[in-house]
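The numbers here are math on the coordinates, done by the rules we state, and not lab data. Quick caveat: nothing in here was measured; it's all calculated off a predicted structure. Note that we place each Cβ from the backbone using ideal geometry, even for glycine, and neighbour counts take in every protein chain shown.
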Amino acid sequence: MYHEIFNRLMKLMRPFMKQQGFTSRGNNYYKRHPQGNIGIINFQRNREGFPKFTMNIGIYSIILAKFFLAEFNQKQIREYPLLGEYHWQARIGDVVPKHNIYRQKDKKWLNGDDKWWHYDDKTDVDALFHEISELIAEFAIPAIDKHITDGQLKEYWLEAAESRKKNAEIEVGELHAGIKRVRAQILRKLLILLLDSGEKEKFQIMMSEFHEYLQHHPEYIGLKRDYDRLKKDMDKNFRFDSNSKRKFEDDEEGNSSKK
């Protein structure tokens with residue numbers, strides 16, 4: 001049966017991934033950073049049972065995981081995070097450039113479609129393994145190494161937040177709203193990391209922007225709950241002089257008056 005093709009591929013992947021510093025559990029491979037964060041490569045099979053799969057790349061931040069424990073009704077951080085629990089995520093197809101030889105052979109992938117590998121009873125497993133392992137070594141693992149620390153995540157999200165801010169300024173309608181909504185999600189994660197690292201000035205700026213967004217979107221109860229918690233933690237973690245405290249409160253009042 002064609003299901004054996006995938007199982008044989010995983011059998012080849014495990015020793016290869018072990019050589020790359022990953023441990024395996026099911027169709028997931030985990031790389032643990034000394035800081036505590038976890039890089040993940042996940043082989044996602046088709047939900048309907050069709051013989052095809054794709055690969056997800058993810059980062060699980062311990063600091064972010066601790067913050068969201070109660071929100072997701074969890075008692076402890078995950079030792080083996082699953083798909084959907086990552087704090088940064090990409091598809092393998094997103095990190096492979098267009099000039100790559102394997103992408104050049106796949107017209108749909110070359111034109112921007114999501115990358116899925118199809119297989120059947122006649123699939124050459126060794127050839128498939130050669131392609132997959134090459135893409136993992138050349139693109140997936142470097143993508144993990146580029147984002148695995150909280151400092152790297154902060155830099156990535158700071159750049160992403162600024163980029164989406166500029167994009168939102170030139171778009172209208174649903175696209176404009178969608179970009180701003182994604183940016184709010186980024187701001188929330190950024191604020192958690194900035195608070196932990198004690199970056200007070202950046203934290204204050206982002207909190208004001210986060211508050212302004214929530215003033216226009218009271219329907220996002222979860223984001224508002226996280227904002228209130230961050231504000232309490234801010235008062236505990238940062239020592240503000242009277243002028244800084246007053247400025248932050250004035251910014252909040254100013255944002256509220258724009259509502």
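Of the residues making up the range 12-47, those that are over 22 Å from Leu128 (Cα atoms) and surrounded by fewer than 20 Cβ atoms within 10 Å (Cβ to Cβ) are Lys31, Arg32, His33, Pro34, Gln35, Gly36.
Quick test for you: out of Phe53, Phe72, Phe68, pick the one residue that is without any contact (Cβ under 8 Å) to a residue 24 or more places away in the chain, of a type outside the set (Lys, Arg), surrounded by 14 or more Cβ atoms within 10 Å (Cβ to Cβ) and at negative phi.
None of the other options fit; the residue is Phe68.
In the range 13-42, the qualifying residues are those that are among the small types (Gly, Ala, Ser) and touching a strand residue (DSSP E or B) at 6+ places or on another chain (Cβ under 7 Å), and the one that is farthest from Lys154 (Cα to Cα) is Gly21. When the residues of the range 4-39 are filtered to those that are part of a loop (DSSP other than H, G, I, E, B) and touching a Ser or Thr at 6+ places or on another chain (Cβ under 7 Å), the one that is farthest from Lys52 (Cα to Cα) is Gln35.
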